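The values are calculated or read from the model by the stated rules, or taken from the named source; none is laboratory data. Because the structure is a prediction, the values reported are computed rather than measured. FYI the Cβ positions are ideal-geometry reconstructions off the backbone, even for glycines, and counts take in every protein chain you see. Accessible surface areas use protein heavy atoms only, side chains included; no ligands, DNA or RNA. Shrake-Rupley method; radii C 1.70, N 1.55, O 1.52, S 1.80 Å.
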Amino acid sequence: MKFKKRYIATPILLIAIALTWNIVLRQHPPEATAEEINHYLHPQPKDPRHPIDVYQFNATDGNTESDILAKIPAPIYPEDKVRFVIDPGYGIGSIVQVARAMPVTIHDGKKEIVARTWDDTVEELLNDLHRPLGDLDKADVAATDQLAPNMIITITRVAKTKVTTKESVAYETTTKEDPTLDRGKSKVTEDGKNGERTKVFEVTREDGEEVSRKLLKDEVTTKPKNKVVIKGTKIKVGKTATGKATWYDLCCTKVASNSFRKGTVLKLTNLSNGKSIEVKVDDTGAFGSDVVVDLAPSLFKQLGGTEGQGVISRVKAEEILNP
């Protein structure tokens with residue numbers, strides 16, 4: 001069996017008989033004019049966006065609507081409107097009109113939706129699909145634009161949210177000297193504890209992807225507690241000697257003494273001005289017993305002496321046992 005869209009396989013007589021049959025059953029006057037017949041074969045849609053397809057079938061094609069619909073050569077979608085001009089149950093064939101819903105494609109974020117609709121505007125369609133435009137959302141068409149067949153609508157979903165982050169603020173260590181605690185020893189009197197910094201951002205996302213981040217608030221919500229360490233400065237003194245300090249200039253040694261062995265750490269104090277330094281004996285010298293230490297010029301100057309002066313007359317040397 002062959003059939004074609006908008007093609008009448010039998011004479012117009014079939015239409016006239018079918019219409020007359022319908023009219024008789026409905027107790028209308030038994031007439032079907034050529035204008036009425038043409039109206040059913042070539043219907044004019046009220047809205048050109050919704051064309052009407054017409055299909056004609058013979059009596060042998062079936063006597064139920066399901067039989068006929070199964071033989072229509074084009075897909076019929078749930079949104080389409082189907083009308084049987086001739087009831088196939090009469091056994092004389094049938095004429096079917098299919099008013100087509102308008103196909104529209106929507107790219108909503110990362111999702112593609114193919115809709116078939118009878119809505120008039122973009123806004124009506126999105127509302128019917130329960131996908132209305134939010135205040136920040138973007139679309140490539142206006143909400144009030146009329147829909148058109150095979151129209152493509154692209155929507156970018158925009159969301160702004162506040163995001164709060166927490167960051168650790170490291171504590172600092174404060175060192176205090178204690179002259180009553182032996183040098184080399186230390187103790188913690190207060191443990192340190194990190195604080196916390198709170199930042200609040202306004203995050204903008206388009207289709208779920210972050211596109212910008214604006215800092216709204218940045219504050220230390222919990223101050224860190226500093227660690228306090230006590231460091232001993234008390235020295236243990238061994239041998240002590242008092243005498244003169246002189247200076248000498250050799251390439252490889254800085255501190256010479258005949259009163260203390262090499263490797264001894266000394267605290268030298270100029271008794272005339274109170275200035276003191278710590279040095280390490282690394283040489284001996286050919287000088288008199290009244291000279292406690294012979295120093296490189298730079299060390300000599302740290303005690304307040306000058307190269308022209310040559311001698312610091314009263315220097316106290318103390319052996320440090322806990323350098």
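Based on what the data block shows, is residue 40 over 30 Å from residue 208 (Cα atoms), part of a strand (DSSP E or B) and without any contact (Cβ under 8 Å) to a residue 60 or more places away in the chain? In short, no. Any idea which of (1) open to solvent by less than 70 Å² (accessible area, probe 1.4 Å); (2) in contact with a Ser or Thr (Cβ under 9 Å, 6 or more places away or on another chain); (3) at pLDDT 95 or above; (4) within 18 Å of residue 207 (Cβ to Cβ) is the one residue 152 doesn't satisfy? Result: residue 152 passes all but (1).
Looking only at the stretch 192-213, how many residues end up being touching a residue at least 24 places away in the same chain (Cβ under 8 Å) and either of a type in the set (Lys, Arg) or not in a loop (DSSP other than H, G, I, E, B) (or both)? If you could, list the steps in order and put the result at the bottom.
Here is the first cut: in the stretch 192-213, the residues touching a residue at least 24 places away in the same chain (Cβ under 8 Å) are 192-208, 213.
With the extra rule that they be either of a type in the set (Lys, Arg) or not in a loop (DSSP other than H, G, I, E, B) (or both), the set shrinks to 193, 195-206, 213.
Adding up the residues that qualify gives 14.
The set of residues in the stretch 281-313 being of a type in the set (Gly, Ala, Ser) and out of contact with any Phe, Trp or Tyr (no Cβ under 8 Å at 6 or more places or on another chain) consists of 286, 288, 289, 298, 304, 308, 313. Note on the stretch 228-318: enclosed strands (runs of 3 or more DSSP E) holding 2 or more residues that are open to solvent by 20 Å² or more (accessible area, probe 1.4 Å) and of a type in the set (S, T, N, Q) are 237-247. Residues that are without any contact (Cβ under 8 Å) to a residue 24 or more places away in the chain and either part of a strand (DSSP E or B) or over 59 Å from the mean Cα position of the chain (by Cα) (or both) within the stretch 49-94 comprise 81, 82, 83, 84, listed in sequence order. Just one residue in the set 173, 144 is open to solvent by 30 Å² or more (accessible area, probe 1.4 Å), more than 30 Å from residue 218 (Cβ to Cβ) and among the polar types (S, T, N, Q); that residue is 144.
Which is under 21 Å from residue 53 (Cβ atoms), open to solvent by less than 70 Å² (accessible area, probe 1.4 Å), at pLDDT 95 or above and aliphatic (A, V, I, L, M), of 76, 113, 86, 95? Working first, answer last.
Working: 113 fails: under 21 Å from residue 53 (Cβ atoms); 86 fails: at pLDDT 95 or above; 95 fails: at pLDDT 95 or above.
One residue alone meets the criteria, 76.
Let's see how each residue does on (1) at pLDDT 95 or above; (2) of a type in the set (Phe, Trp, Tyr); (3) more than 30 Å from residue 294 (Cβ to Cβ):
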site: 189; (1), (2), (3): no, no, yes
site: 211; (1), (2), (3): no, no, yes
site: 214; (1), (2), (3): yes, no, yes
site: 219; (1), (2), (3): yes, no, yes
site: 235; (1), (2), (3): no, no, no
site: 242; (1), (2), (3): yes, no, no
site: 249; (1), (2), (3): no, no, no
site: 252; (1), (2), (3): no, no, no
